[in-house]
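First up is the structure itself, then whatever we jot down about it.
The values are calculated or read from the model by the stated rules, or taken from the named source; none is laboratory data. The structure displayed is predicted, hence computed values, not measured ones. Backbone-built Cβ (ideal geometry, glycine too); neighbour counts: all protein chains shown. Side chains included, ligands, DNA and RNA excluded: accessible areas come from the protein's heavy atoms. Shrake-Rupley method; radii C 1.70, N 1.55, O 1.52, S 1.80 Å.
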Amino acid sequence: MYTCTTIGKLKEGKLEEVLKAAEVLGAATRKQKGNVYYYVYIPEGRPNCFATTEGWETKADFKAHVGHTDDPSDPLRRFNEIVLPASLAEPDIFLGEVYF
């Protein structure tokens, strides 16, 4: 399995907007080929942060998920158009294969 975890720190007052966008992205992502899970959460003690974690059957499935952001209707592109201006910095993204 291939995973992606994203952690972002948001500007004050932007969390609800980002969570709504993440809900839409999550619903679309869960329908994509190879998606095993997609979760969004707020890390404890960090009220202006959000985190997503997603699992994919293969790295190729993940690459297909992120490979269409040039399409204006792509859910990930629409999410990025909301989250990036709401963020204090680029989100941290951690990619990798699951070993155990």
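Here are a few things to note about the model shown:
- Over all other residues within a Cβ to Cβ distance under 11 Å of THR6, the charged ones net out to -3, with Lys and Arg as +1 and Asp and Glu as -1.
- Note on volume of the Cα convex hull per residue in Å³: of the candidates (i) 112; (ii) 96; (iii) 140, the value calculated from this structure sits at (ii).
- Solvent exposure of the chain as accessible area per residue, Å², 1.4 Å probe: 62
- Rounded to whole numbers, the Karplus 3J(HN,Hα) couplings from phi for the stretch 82-98 are 8, 6, 5, x, 7, 8, 7, 7, 4, x, 7, 10, 10, 10, x, 7, 7 Hz, using 6.51 cos²θ - 1.76 cosθ + 1.60 with θ = phi - 60°, and x at Gly and Pro.
- Total formal charge among the other residues, if their Cβ is under 12 angstrom from that of LEU25, Lys/Arg +1 and Asp/Glu -1: +1
- The modelled label-to-label distance between PHE94 and ASP71, using points 7 Å beyond Cα along the C-beta direction, is 3.0 nm.
- The stretch 4-11 - phi-based ³J(HN,Hα) in whole Hz, Karplus 6.51/-1.76/1.60, Gly and Pro as x: 9, 10, 10, 10, x, 10, 9, 5
- Estimated distance in nm for a label pair at LYS11 and ARG30, the labels positioned 7 Å out from Cα along Cα-to-Cβ: 3.0
- Within the accessible surface of the stretch 42-100, defined with a 1.4 Å probe on protein heavy atoms only, the carbon and sulfur portion equals 56 percent.
- Cut-off 12 Å between beta-carbons: net charge of the residues surrounding ASP61, Lys and Arg +1, Asp and Glu -1: +1
- Structure-based [θ]222 nm, the chain - -39500 (n - 2.57) summed over DSSP H runs of at least 4, per residue, nearest 500: -11000 deg cm²/dmol
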